[in-house]
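Below: one structure, written as structure tokens.
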Amino acid sequence: MEFWERSFKEKGEMWGGSPACSAQIAKDFFLAKSIKEILIPGFGYGRNGHVFLENGIGITGIELSKTAIELARKHFGAQTIIYHGSITDMPFDSKTYGGIFCYGLIHLLGADERAKFIHDCYAQLCDNGYMIFTTVSKQAAIYGQGTAIGPDRFELFGGVKIFFYDLQSIHAAFEKYGLIEIQEVEENYPFYLIICKKEKKQK
């Protein structure tokens, strides 16, 4: 068992220490593109962070939960920047990043928040940088359960509000932000992995 996985499990973090499949895919993608530093909105306690660090990719996190940040600090120390706050209040710094990786977060936001979040992430990309989002698909068995609160959005799991994406809604949301690829990936539910590129502006 890898050190990181053992360390997370010993401390009882709910998802364990193994990174999501999407994080592994993102890591390989960023390495292939020679990305040196990424931003991770929705950092949590960091289970998806170490796979990047272990491969020489610097990380900066954003996390709303103070408890999650405290847990992350036990693994990452003080040298890794983790901003405390909501992703709806981005940006937290003036830096631009070669990559952004956001796992399983965007579908928890309302329509206006989703639009602002995508825009804010794109604004923090370097020219020729890439942002990768993963989000739950309408193919998930939980789609349509709970109380409908909007088109393809349902309140379930004791109050959690989830928007379920399909290819049409992905294109509508991401096309103007350099959408280049959509993959299907199996996490705890069927997910989409969405990749966008910020093209360098022509002078």
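The values are calculated or read from the model by the stated rules, or taken from the named source; none is laboratory data. These numbers were taken from a predicted model, which means no experiment stands behind them. Neighbour counts are summed over all protein chains in view; Cβ atoms, including those assigned to glycine, are modelled from backbone coordinates with ideal geometry.
Filtered by the rule that a residue be closer than 21 Å to Leu109 by Cα and among the basic types (Lys, Arg), segment 160-203 gives Lys161, Lys176.
Hey, any hits in segment 92-112 for a residue that's within 25 Å of Glu187 (Cβ to Cβ), polar (S, T, N, Q) and modelled with pLDDT of 95 or more? Steps first, please.
Within segment 92-112, the subset within 25 Å of Glu187 (Cβ to Cβ) is 97-111.
Still in the running and polar (S, T, N, Q): none.
No.
Look at Gly129 and say whether it is more than 30 Å from Gln139 (Cβ to Cβ) and either buried (at least 20 other Cβ atoms within 10 Å of the Cβ) or among the small types (Gly, Ala, Ser) (or both). Please lay out each step first, then the result.
Numbers: more than 30 Å from Gln139 (Cβ to Cβ): no; either buried (at least 20 other Cβ atoms within 10 Å of the Cβ) or among the small types (Gly, Ala, Ser) (or both): yes.
Taking the combined requirement at face value, the residue does not satisfy it.
Tell me, please, whether a residue that is hydroxyl-bearing (Ser, Thr, Tyr), at pLDDT 95 or above, closer than 30 Å to Lys197 by Cβ and in a loop (DSSP other than H, G, I, E, B) can be found in segment 27-37. So far as segment 27-37 goes, yes, one or more of its residues are hydroxyl-bearing (Ser, Thr, Tyr), at pLDDT 95 or above, closer than 30 Å to Lys197 by Cβ and in a loop (DSSP other than H, G, I, E, B).
Could you check segment 149-203 for strands (runs of 3 or more DSSP E) lying wholly inside it with 3 or more residues that are touching a Leu at 6+ places or on another chain (Cβ under 9 Å)?
Details: elements: 153-156, 160-163, 179-186, 190-197.
So the answer is 160-163, 179-186, 190-197.
Given the options Lys138, Lys203, Lys161, name the one that is at pLDDT below 95, farther than 24 Å from Val51 by Cα and among the basic types (Lys, Arg). So that I can check it myself, show each step before the final result.
Working: Lys138 fails: at pLDDT below 95; Lys161 fails: at pLDDT below 95.
Lys203 is the lone residue from the list that is at pLDDT below 95, farther than 24 Å from Val51 by Cα and among the basic types (Lys, Arg).
Within segment 81-106, the residues that satisfy the criterion of being surrounded by fewer than 18 Cβ atoms within 10 Å (Cβ to Cβ) and either among the hydroxyl-bearing types (Ser, Thr, Tyr) or in contact with a Lys or Arg (Cβ under 6 Å, 6 or more places away or on another chain) (or both) are Ser86, Thr88, Ser94, Thr96. Quick check, is Tyr83 in contact with a Phe, Trp or Tyr (Cβ under 6 Å, 6 or more places away or on another chain), over 17 Å from Phe43 (Cβ atoms), touching a residue at least 12 places away in the same chain (Cβ under 8 Å) and hydroxyl-bearing (Ser, Thr, Tyr)? Against the criterion (in contact with a Phe, Trp or Tyr (Cβ under 6 Å, 6 or more places away or on another chain), over 17 Å from Phe43 (Cβ atoms), touching a residue at least 12 places away in the same chain (Cβ under 8 Å) and hydroxyl-bearing (Ser, Thr, Tyr)), Tyr83 does not qualify.
Quick one: would you say Gln124 is at pLDDT below 95 and either crowded, with 22+ Cβ neighbours inside 10 Å or within 26 Å of Leu31 (Cβ to Cβ) (or both)? Against the criterion (at pLDDT below 95 and either crowded, with 22+ Cβ neighbours inside 10 Å or within 26 Å of Leu31 (Cβ to Cβ) (or both)), Gln124 does not qualify.
Step by step: first the residues of segment 132-152, then only those that are touching a helix residue (DSSP H, G or I) at 6+ places or on another chain (Cβ under 9 Å) and surrounded by 18 or more Cβ atoms within 10 Å (Cβ to Cβ), then the one that is farthest from Tyr97 (Cα to Cα). Which residue is that?
Step one: of segment 132-152, the residues touching a helix residue (DSSP H, G or I) at 6+ places or on another chain (Cβ under 9 Å) are 132-136, 138, 150-152.
Imposing the further condition that a residue be surrounded by 18 or more Cβ atoms within 10 Å (Cβ to Cβ) reduces the set to 132-136.
Numbers: Ile132: 12, Phe133: 15, Thr134: 18, Thr135: 21, Val136: 25 Å.
The qualifying residue farthest from Tyr97 (Cα to Cα) is Val136.
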